[in-house]
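The values are calculated or read from the model by the stated rules, or taken from the named source; none is laboratory data. All of these numbers come straight from a predicted model, not from anything done at the bench. Methodologically, a virtual Cβ is constructed for each residue, glycine included, from the backbone with ideal geometry; neighbour enumeration extends over all protein chains shown. The area values use the complete protein model at the heavy-atom level, side chains included, leaving out ligands, DNA and RNA. Shrake-Rupley method; radii C 1.70, N 1.55, O 1.52, S 1.80 Å.
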Amino acid sequence: MIDRRTVLTAGAMATASLLLAGLPRSALAQADGAAAFIDDMAKRAIGILQAGGAATPQGKAEFTQILNQGFDLPTIGRFVLGRYWNSATQQQQQEYMDLFERMIVETYSRRFQNYQGETLVVKGTRAVGSGDTLVATEIRQKDGPPIQVDWRVRPAGGSFKVVDVIVARVSMSVTQRDEFASVIAQNGGNVDGLLQAMRQRAGG
């Protein structure tokens, strides 16, 4: 005799199969590719950390390469600056992008210096926006609950690029944009005030 649980499980599997069958092959391929991209980037980063971390010059250089290859820093930087991008001069835009990329590298390098054997596990994917894929992951700690981290990735040149990181449902790009907007507002709407603050943070 087939029990009710077996019937429900079979029904759920059939429903999932129908949903997957209704998706274009290109969408399925993009979801699989996005998940593999994040998984590979995480493994490369963890390899650097296990070999001594981003604190060494070589480790930091390799870590910087991963960020530059895996993150669409120009797109993220422009989004973070928001409406002030158009009001900035070309010189201000160039300096801002240089400082922004340095800031991102320094921020992630410092965070990963405290690596203590955490692992990243891909949990699933879903389509978002017009062509982006959200890759849901968990960072599993030795001591403590897992941390939910979602990566918004976008097709780029035959591969993918990260355009946002959402930690515990909070967008890092939106958070950074709010912070930058506050600094600019405190300086009378002048981008120079933000550049000065970024220079100080970058140590230059």
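Here are the numbers for the structure shown:
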| read-out | value |
| --- | --- |
| Segment 108-204, accessible surface, carbon-and-sulfur percent (1.4 angstrom probe) | 48 percent |
| Dimensionless Rg over Rh [segment 102-204; C-alpha; Kirkwood] | 1.04 |
| Stretchable slack from GLU62 to ARG78, in nm (0.36 nm times residue separation minus alpha-carbon distance) | 3.3 nm |
| Å² of accessible area per residue within segment 51-204, as computed with a 1.4 Å probe and no ligands counted | 56 Å² |
| Cβ crowding within 10 Å averaged over residues, with 185-194, 72-81 ranked highest first | 72-81, 185-194 |
